Amino acid sequence: MDSRIFLAALLLLFGLATVIAQSSSPGKVCEAKNGTSCEECLSNVTCLWCLTTKACVTYPGRTILPPHALCPLNEARWGLCWMNFQTLIITLAVLGGIIIIAFLVCLFCCCKCENFGSKRSEAKIQKQVNKTKTKQEERRTEMKQRHDEIRKKYGLSGQNPYSKFA
């Protein structure tokens with residue numbers, strides 16, 4: 001079923017491009033196929049088959065949708081005989097909406113995840129910096145205690161005569 005929808009969408013896109021490109025060329029190729037089958041009529045991309053009248057008409061390239069006077073949308077066949085034009089339009093609109101919503105969700109998630117990841121990495125770096133600072137302070141206090149013990153051992157616990165120059 002999904003491949004049929006995809007095929008229908010693809011046919012619609014290529015068909016519209018061809019119809020628009022060929023709309024300026026004169027000719028009654030489609031009208032010559034009146035009284036034939038739907039498959040015979042739709043072998044030419046510029047043709048539209050009307051199921052109720054069993055008429056093969058040239059697709060009106062100037063308008064996006066064929067007018068109701070030409071053929072009702074639920075009776076019009078273009079590109080595929082088993083899918084009416086109304087179903088084709090609804091299917092393409094739904095697929096287009098799903099694609100746009102999926103794109104917006106992906107865009108939102110990517111931006112959100114990117115910001116979340118950078119905040120997490122910043123927090124990790126800050127944690128490492130704090131850890132390094134605390135270790136450095138511990139080493140400093142240990143060194144000061146050792147120096148004080150050495151000064152005490154050798155009787156140098158008084159004021160350093162060189163401290164006034166520092």
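The values are calculated or read from the model by the stated rules, or taken from the named source; none is laboratory data. These numbers were taken from a predicted model, which means no experiment stands behind them. So basically every Cβ, Gly included, is an ideal-geometry build from the backbone, and we count neighbours across all protein chains shown.
Residue by residue, here is whether (1) modelled with pLDDT of 90 or more; (2) within 34 Å of the chain's Cα centre (by Cα); (3) assigned to a helix (DSSP H, G or I); (4) farther than 21 Å from Ile89 by Cβ holds:
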{"site": "Thr18", "(1), (2), (3), (4)": "no, yes, yes, no"}
{"site": "Lys28", "(1), (2), (3), (4)": "no, no, no, yes"}
{"site": "Glu39", "(1), (2), (3), (4)": "yes, no, yes, yes"}
{"site": "Val45", "(1), (2), (3), (4)": "no, yes, no, no"}
{"site": "Cys56", "(1), (2), (3), (4)": "yes, no, no, no"}
{"site": "Pro60", "(1), (2), (3), (4)": "no, yes, no, no"}
{"site": "Thr63", "(1), (2), (3), (4)": "no, yes, no, no"}
{"site": "His68", "(1), (2), (3), (4)": "no, no, no, no"}
{"site": "Leu73", "(1), (2), (3), (4)": "no, yes, no, no"}
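In region 93-117, the residues that are at pLDDT 85 or above form Cβ pairs under 8 Å with partners that are part of a helix (DSSP H, G or I) and surrounded by 10 or more Cβ atoms within 10 Å (Cβ to Cβ), at six or more places apart or across chains, as follows: Leu95/Ile5; Leu95/Ala9.
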